[in-house]
1. Can you name the number of the only condition in (1) without any contact (Cβ under 8 Å) to a residue 60 or more places away in the chain; (2) over 20 Å from the mean Cα position of the chain (by Cα) that Gly297 fails?
2. Every residue in region 145-183 that is hydrophobic (A, V, I, L, M, F, W, C), touching a Lys or Arg at 6+ places or on another chain (Cβ under 9 Å) and under 26 Å from Val227 (Cα atoms), please.
3. Out of Glu233, Glu179, Glu258, I need the residue that is acidic (Asp, Glu), farther than 27 Å from Leu273 by Cβ and not in a strand (DSSP E or B). Which one?
4. When you scan region 300-309, how many residues do you find that are surrounded by 14 or more Cβ atoms within 10 Å (Cβ to Cβ) and out of contact with any strand residue (DSSP E or B) (no Cβ under 7 Å at 6 or more places or on another chain)?
5. Can you go through Met242, Met165 and tell me which one is in contact (Cβ under 8 Å) with a residue 40 or more places away in the chain and surrounded by 19 or more Cβ atoms within 10 Å (Cβ to Cβ)?
6. Of all the helices (runs of 4 or more DSSP H) wholly in region 1-111, which have at least 1 residues that are crowded, with 21+ Cβ neighbours inside 10 Å and under 19 Å from the mean Cα position of the chain (by Cα)?
7. Can you tell me which residue in region 265-314 is nearest to Tyr114 (Cα to Cα), limited to those that are of a type in the set (Val, Ile, Thr) and in contact with a helix residue (DSSP H, G or I) (Cβ under 6 Å, 6 or more places away or on another chain)?
8. Out of Glu193, Glu151, report the one residue that is within 30 Å of Ser319 (Cβ to Cβ) and more than 18 Å from the chain's Cα centre (by Cα).
Amino acid sequence: MMEMKHQRVFVAGHRGMVGSAIVRRLQALGYTNILTASRDELNLLDQAEVHAWFAEHKPEQVYIAAAKVGGIHANNTYPAEFIYENLLIEANLINAAHTADVQKLLFLGSSCIYPKFADQPMREDALLTGILEPTNEPYAIAKIAGIKLCESYNRQYGRDYRSVMPTNLYGPNDNFHPENSHVIPALLRRFHEAVKAADEEVVIWGSGKPMREFLHVDDMASASVYVMELDGETYAANTEPMLSHINVGTGVDCTIRELAETVAKVTGFEGQLVFDSSKPDGTPRKLMDVSRLKALGWEASVGLEEGLSQAYQWFLENSDAIRG
């Protein structure tokens, strides 16, 4: 374990919500040689540039937290970019890691890899058993490909490339854009602006009935490093060569209505909640089965209201710098 903490660790996507949380977690655990590269320094869509960067900096561990992400609106509007850019990012990074003889890598995916009507809670073995949710199918296909890239390099070359699939994430450094953000930052911003404008109501997309599970990004970072640090025997004993990914979540969900009510409480909004059923709901329920990760010794620790309060505080402290 101590040896790992002195290795050169590359966190791809370190400025994003998940990547920045992983960097914070690594620093808190005493990792002393964390490598990062901004978009200006490294274009992850350029294969030659990525390979050259790996050859120069020689990382010994890689966390792939870089991705093009967004909510229902963004996924519906830019499906080509979502599949193309995410395929390129993960393919370039995983292949460059292998070429540079990096033995340990962690790929971060998404719960949207599972079929739209998967049994709940969703187990890892639900992968590739049904039709995906149409609104984010391109993104999901890219993430499934990332899992299979890792597994293929493991099978053919004996690499130790692991994958973790988080549920819906939120927290510091989230995207609070009014159109392209996920549900929690979108709601936090909308309720915040409603309070400022003294609005009497807030309109929320969909019926409010879908069930969602939410994980604070600091918990995700904790789980990511925990999985990366597991010894090979323990990891192999709890996974399979062609079913190697691990779900990361709380194992608890709530309705979008309940989420909106909690956001209203956190932001101090006292008006009426109006649900626009003409807007898409997305998947009816998305709850992760986290028994595999629990058996490995990790559980989430940040409750939803506590986490929402932290996220809102971060938004208030950084609202001047948030675009859109």
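1. (1)
2. In the first step, residues of region 145-183 are kept if they are hydrophobic (A, V, I, L, M, F, W, C); the result is 145, 147, 149-150, 164-165, 169, 176, 183.
Adding the requirement that they be touching a Lys or Arg at 6+ places or on another chain (Cβ under 9 Å) leaves 150, 165, 176, 183.
Residues satisfying the conditions are Cys150, Met165.
3. Working: Glu179 fails: farther than 27 Å from Leu273 by Cβ; Glu258 fails: farther than 27 Å from Leu273 by Cβ.
That would be Glu233, the only listed residue that is acidic (Asp, Glu), farther than 27 Å from Leu273 by Cβ and not in a strand (DSSP E or B).
4. At the first step, the residues of region 300-309 found to be surrounded by 14 or more Cβ atoms within 10 Å (Cβ to Cβ) are 300, 302, 304, 307-309.
Then keep just the ones that are out of contact with any strand residue (DSSP E or B) (no Cβ under 7 Å at 6 or more places or on another chain); that gives 308-309.
Going through region 300-309 one residue at a time, the tally reaches 2.
5. Working: Met242 fails: surrounded by 19 or more Cβ atoms within 10 Å (Cβ to Cβ).
So the residue among Met242, Met165 that is in contact (Cβ under 8 Å) with a residue 40 or more places away in the chain and surrounded by 19 or more Cβ atoms within 10 Å (Cβ to Cβ) is Met165.
6. Working: elements: 2-5, 17-28, 47-57, 72-77, 79-99.
Per the criteria, 17-28, 72-77, 79-99.
7. Looking only at region 265-314, we keep the residues that are of a type in the set (Val, Ile, Thr), and these are 266-267, 274, 283, 290, 302.
Right, trim to in contact with a helix residue (DSSP H, G or I) (Cβ under 6 Å, 6 or more places away or on another chain) and you get 266-267, 302.
Values: Val266: 31, Thr267: 33, Val302: 24 Å.
Looking at residues that are of a type in the set (Val, Ile, Thr) and in contact with a helix residue (DSSP H, G or I) (Cβ under 6 Å, 6 or more places away or on another chain), I get Val302.
8. Values: Glu151 fails: within 30 Å of Ser319 (Cβ to Cβ).
Matching residue, one of Glu193, Glu151: Glu193.
The values are calculated or read from the model by the stated rules, or taken from the named source; none is laboratory data. None of the values given here were measured: they were computed from a predicted structure. All Cβ positions, glycine included, derive from the backbone under ideal geometry; neighbour counts span all protein chains shown.
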